[in-house]
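See structure below.
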Amino acid sequence: MNKELKSLLFISTGLFLIFVLIFNLYTYNAARSIPQASKTSQILNQNRLRAPNIHSSSENWAYPKIDNAPIELVAVKQAKRILVINSNKRQVIYIIHAQINLPAQKNSFRLLHARGQQIYHINGSQQAIAKNWLGINDGNYIETPVTDMSNHQVSRNLRKAPKIENTIQVSTPDAKWLQTLPENTPLIVKEDY
């Protein structure tokens, strides 16, 4: 290889590495994040997300083991996600795709001991059946999307599922895992990051 080709290769490699560094810095600073957890943990977990599907977990990895760690849930309505945060480490340990039909509040909700396999919603003449529910204070629920609405089957796509007021709808595996979380786990609902 002659000197000119070597210097051209060296310069182009250097420019490429500078471009990668600038791109990573821009991505890190442009990413919207919540203050309860480190920005790095939020970016890393977003990279592990699957496409929303009612029959599969939200991330490619296995569900985290809690082991008496203080857990906090942050539901972000615009992003349609629940971030599971280890409060001690200030790290996002899991992200769940969700259809959030609760109002954003400054005060946190609390998970209740009430849990079950099937729940019925009645609103006037409209009746709905959902599965794998978890109670939240003030008459709210985390559950799988409705499977039956007024005696008709409904879409099993998480994004196309009919909205039920006062609920957060998640996939079946995610709902079953959320049922294992301890009572009084805080749940904060935010409009956006």
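Applying both filters, DSSP loop and at most 12 other Cβ atoms within 10 Å, to the chymotrypsin sites (Phe, Trp or Tyr not before Pro) of the stretch 43-127 gives Trp61. Remark: the chain projects, on average over all directions, an area of 14.5 nm² (convex hull of Cα atoms). Modelled spin-label separation between Tyr120 and Asn166, with each label point placed 7 Å from Cα along the Cα-to-Cβ direction: 1.6 nm. FRET efficiency for the His113 to Arg90 pair, using the beta carbon distance and R₀ = 25 Å, is estimated at 0.35. Using Cα atoms only, what is the angle between the long axis of helix 3-30 and the major principal axis of the chain, expressed in degrees (0 to 90) to the nearest 10? Long axis of 3-30 versus the principal axis of the chain: about 30 degrees.
Summing +1 for each Lys or Arg and -1 for each Asp or Glu among the other residues whose beta-carbon sits under 9 angstrom from that of Ile100 gives +3. Protection proxy ranking for 40-50, 18-28, using the average of other Cβ atoms within 10 Å per residue and placing the highest first: 40-50, 18-28.
None of the figures in this text is laboratory data; all of them are computed from the coordinates on show. Worth saying up front: this structure is predicted, and the values here are computed from it rather than measured. Positions of Cβ are generated from backbone atoms using ideal geometry, with glycine treated the same way; all protein chains shown enter the neighbour counts.
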